[in-house]
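Notes follow the structure.
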Amino acid sequence: MKIQKKSPDGKQIKMEIKYSILSLIMYSMAFLLVFELSIRGYTLIYFSFNEHSVLYAFISLLLAIIYNDAAFYWSHRFMHIKGIFKYVHLQHHKSKNPSPFSMLSFHPYETVINAIVYILIAFIIPIHPITLGVFLLYNLFNNVAGHDGYEIMSEKSRKHWLLGKFNTITNHDTHHAKPNFNYGNYFIFWDWAMNTLYKNEEG
Ligand SMILES: [Zn+2]
Ligand SMILES: [Zn+2]
């Protein structure tokens, strides 16, 4: 179901691709830095599954998701503070009707903040590169979906006791249309706890 009636125009998509390329270059540099620091032993990244159990690989994935969900919410709210917003986060919000290309359409200042949020994982959670890869794939899937412009879940599943705890595509789309609500990433927990969940999506 298309969430906003109109489709994003070519001018918006062109702008999003331009900023996404810049973000991709910056993220690549950040991940290269993490890799260099890891092989020198400065991070908690471990390269052999023998160092921790297989069960821990799953636990570290969960920890990365829970950490990133909280860090995303709070860094996102920080970027919405008046006086910071227009220098850092306005670029992302120029896409009022998001497309999958909006996902990485960030001003370089925002990319720096987002990269720091990701890099911190390597310093606070012992994690294997494959687990980190699975986490980044999930993050990528979640974010492309969040900017897709089409809701794929039925009304019933969005109200399901468990599925309803995940952020929906409609939720993030609503954030682009109404920026004072729905700051969350994977789950609705932080928006629910901080009373920033858009009312139509509650329950
Ligand atoms: Zn967005
Ligand atoms: Zn925002």
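The values are calculated or read from the model by the stated rules, or taken from the named source; none is laboratory data. Just so we're clear, the structure is a prediction, and the values are computed from it rather than from any experiment. Every residue, glycine among them, receives a Cβ derived from its backbone with ideal geometry; neighbour counts consider all protein chains shown. We work out accessible area using only protein heavy atoms, side chains counted, and drop any ligands, DNA or RNA first. Shrake-Rupley method; radii C 1.70, N 1.55, O 1.52, S 1.80 Å.
Okay, here's what the table says:
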| item | result |
| --- | --- |
| Computed accessible area, Ile124, all protein chains, 1.4 angstrom probe, square angstrom | 90 Å² |
| Interchain or long-range residues, amide H under 5 Å from Phe187's placed H | Asn167 |
| Globularity index of the chain, i.e. its alpha-carbon radius of gyration over 2.2 N^0.38 Å | 1.05 |
| All lysines inside 25 Å of Lys199 as judged from Cα atoms, apart from same-chain residues fewer than 8 positions distant | Lys2, Lys5, Lys6, Lys82, Lys94, Lys96, Lys156, Lys159, Lys165, Lys178 |
| Solvent exposure of the chain as accessible area per residue, Å², 1.4 Å probe | 57 Å² |
| Within segment 1-68, trypsin sites (Lys or Arg not before Pro) in DSSP loop having at most 10 other beta-carbon neighbours inside 10 Å | Lys5, Lys6, Arg40 |
| Accessible area in the full protein assembly, largest first, 1.4 Å probe, for Leu132, Leu137 | Leu137, Leu132 |
| Rounded accessible area of Glu151 (nearest 10 Å², 1.4 Å probe) | 10 Å² |
| Protein-only accessible surface order, largest first, of Val134, Val54 at 1.4 Å | Val54, Val134 |
| Amide H partners (placed H, <5 Å) of Ile127, local residues excluded | Ile45, Tyr46 |
| Segment 1-65-segment 83-155 distance, computed between alpha-carbon centres (Å) | 8 Å |
| Nonlocal amide H pairs with Tyr198, under 5 Å, H built at 1.01 Å | Asn182 |
| Solvent exposure ordering (accessible area, 1.4 Å, most first) of Trp161, Trp74 | Trp161, Trp74 |
| Cα centre as origin, Lys/Arg/Asp/Glu Cβ charges: the chain dipole, Debye | 720 debye |
| At least 15 Å along the helix axis (C-alpha) and Kyte average at least -0.5, DSSP helices within the chain | 10-39, 54-79, 108-119, 129-146 |
